[in-house]
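The values are calculated or read from the model by the stated rules, or taken from the named source; none is laboratory data. What you see is a predicted model; the values in this text were computed from it and never measured. Here the Cβ positions follow ideal geometry from the backbone for every residue, glycine too, while neighbour counts run over all protein chains shown.
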Amino acid sequence: MASAEGFNPWSFFIRLLRKSPFYRFTHHTKFRPQGKRSRTAWGRRIGNFPAVTVKSHHPFSSSGTDSELCPLPRCDDGPCLASILGWLDQAPSLMSLRQKNPMPTSRLLFHYILSLLALALFFFAFHLSAEPSATSEQTIPDISRDPSDLPGLQGKRPPKLVKVTLHAIEVEGRLADGASFPYWTFNGKVPGPFLRVRVGDTLEIHLANDSTSRMVHSVDFHAAWGFSGGAAVTQTIPGQEKVFTFRALNPGLYLYHCGTPMVAQHIANGMYGLILVEPVGGLPKVDREFYIVEAEIYTSAPMGSHGPQTSDITKILRSEPEYFVFNGSVGALSRHPLRAKVGEKIRIYFGNAGPNFSSNLHLLGAVLEHVSPDGSVLSPLRENTCSLFIPAGGAGFVEFTPKVSGRYPLMDHFFARMEKGLGGELIVEGPSDPVVSHEGPQTPTGRTTQTPSH
């Protein structure tokens, strides 16, 4: 078994064992079994093991030349540690077969202990050889964007020119524990950057496809008019850059994504994000804002497989995802949870990149007090609902103020998707209010000393 750095602990052990006094003793010419009977007995002891080729004086050799077979044990797929232990355990009886030149017991014990020390070194080397795989897993980048990573409100200002650079980067990133995936990204994260402008702004979009990319990439803005949202004029080969300019005429929350065929694969591999076009005067101020996008991932191997995964076009066409994820990977919103305090007003911008399934955002233990199910910022908000239903390619936002502290599980109300990697949490800190909710029955005074349950 060789490590990623080419170190072979088995070869190291064999070299160490061959240099030990025990090995020299058992393979020295004058200590070989003498006579036909002794050689036969020796053969019965160790002849059942398949042999490996090493440069050595073999006990059965009549010529005493090198490059002969040394009867070290092997399993079907290589040297077998269990057989090695058995072989070493037989060593005292093997040596007792010598008919001449008996070795003192103390010396025999000394050599036997040295051999056991060599075996211990083998275990140590084997452990070291396993370390690089664990280390390499830790070095796989986390491509998931923190949900708090978004710019602030635009406020009241006149329209202006906004230049945006989207860098198309293909990167091997963390999909789940022990698994990575070849993501196609905007700016190295999933989702891409949250773009925020106001109505009337002119956007100059620079799409730069990294020179290390293997695919052509582009961008399609659902907030833009004409040119397929920009996809028709931003098809960019690796190492080049294209520019697309449009004016933000319609306020609202919109998805953007790669528009290069096969579009569904580019979306499923991570090329999507949200753009918010604020109305004149901006949006009302809140205490906390968060940015979440749900999507599907289609891998050739089933969910739970370890190692590098590959995208599966057939499963995309059949709508058979192996994973559902928030912000690009399994557990992204557990590693980067949403955080707030009791009494703070929260706004969550939520998109569904798909490419094939609708979603239904839900927070256990919370009421979504104001909801925009279609991303409109001008229409009156719906009030007091439990979930936000968004079709593939759509976006919306919710607003609410937590009344009690605790952990609020974040999920898609299509609960089966929790078993495919989808989930996260909102952590709310602050005082508890047993008047709002508490564990156990109501007391005569209306108060309780029970710990609130959320």
Query raised in the report: in a loop (DSSP other than H, G, I, E, B), at pLDDT 95 or above, closer than 19 Å to Ala223 by Cβ and in contact with a Ser or Thr (Cβ under 9 Å, 6 or more places away or on another chain): does that describe Gly259?
Result: yes
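Within segment 324-394, which strands (runs of 3 or more DSSP E) (wholly inside it) include 1 or more residues that are touching a Pro at 6+ places or on another chain (Cβ under 7 Å) and without any contact (Cβ under 8 Å) to a residue 12 or more places away in the chain?
On the way: elements: 336-341, 346-354, 359-363, 368-372, 382-385, 387-390.
Output list is empty.
Tally up the residues in segment 186-229 that are outside any loop (DSSP other than H, G, I, E, B) and over 19 Å from His336 (Cα atoms), please.
19
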Requested in this report: Evaluate segment 264-277: report whether one residue or more is closer than 19 Å to Ser228 by Cβ, of a type in the set (S, T, N, Q) and in a loop (DSSP other than H, G, I, E, B).
Outcome: no
Requested in this report: Assess whether Val199 counts as being at pLDDT 95 or above, closer than 28 Å to Ile346 by Cβ and of a type in the set (Val, Ile, Thr).
Outcome: yes
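So, Thr202, is that one touching a Ser or Thr at 6+ places or on another chain (Cβ under 7 Å), under 16 Å from Ile275 (Cβ atoms) and surrounded by fewer than 16 Cβ atoms within 10 Å (Cβ to Cβ) or not? It would help to see each step written out before you state the result.
Working: touching a Ser or Thr at 6+ places or on another chain (Cβ under 7 Å): yes; under 16 Å from Ile275 (Cβ atoms): yes; surrounded by fewer than 16 Cβ atoms within 10 Å (Cβ to Cβ): yes.
Yes.
Looking at His266, His222, His206, which one is without any contact (Cβ under 8 Å) to a residue 60 or more places away in the chain and assigned by TED's automatic domain parsing to the domain that holds Ile313? Steps first, answer last, please.
Details: His266 fails: without any contact (Cβ under 8 Å) to a residue 60 or more places away in the chain; His222 fails: without any contact (Cβ under 8 Å) to a residue 60 or more places away in the chain.
Going through His266, His222, His206 in turn, just one is without any contact (Cβ under 8 Å) to a residue 60 or more places away in the chain and assigned by TED's automatic domain parsing to the domain that holds Ile313: His206.
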**Report entry** Matching residues, segment 230-241, being touching a Leu at 6+ places or on another chain (Cβ under 7 Å) and in a loop (DSSP other than H, G, I, E, B)
**Finding:** Thr234
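Conditions (1) polar (S, T, N, Q); (2) at pLDDT below 95, marked per residue:
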{"site": "Ser379", "(1), (2)": "yes, yes"}
{"site": "Ala392", "(1), (2)": "no, no"}
{"site": "Ala395", "(1), (2)": "no, no"}
{"site": "Leu410", "(1), (2)": "no, no"}
{"site": "Gly421", "(1), (2)": "no, no"}
{"site": "Pro434", "(1), (2)": "no, yes"}
{"site": "Ser437", "(1), (2)": "yes, yes"}
{"site": "Gly446", "(1), (2)": "no, yes"}
{"site": "Thr451", "(1), (2)": "yes, yes"}
Report summary line: Screening Val342, Val325 for residues that are within 17 Å of Asp142 (Cα to Cα) and among the β-branched types (Val, Ile, Thr) leaves only Val325
Report task. Take segment 284-303 and flag every residue that is surrounded by 13 or more Cβ atoms within 10 Å (Cβ to Cβ) and in a loop (DSSP other than H, G, I, E, B). Result -> Val286, Tyr298, Ser300, Ala301, Met303
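Could you check segment 341-364 and list, in sequence order, the residues that are crowded, with 22+ Cβ neighbours inside 10 Å and farther than 17 Å from Gly394 by Cβ? Give the derivation first.
Going through segment 341-364, the residues crowded, with 22+ Cβ neighbours inside 10 Å turn out to be 346, 348-355, 359, 361, 363.
Matches in segment 341-364: Ile346, Leu363.
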Report summary line: The condition from (1) over 29 Å from Ser180 (Cβ atoms); (2) surrounded by fewer than 17 Cβ atoms within 10 Å (Cβ to Cβ) that Phe415 misses is numbered (1)
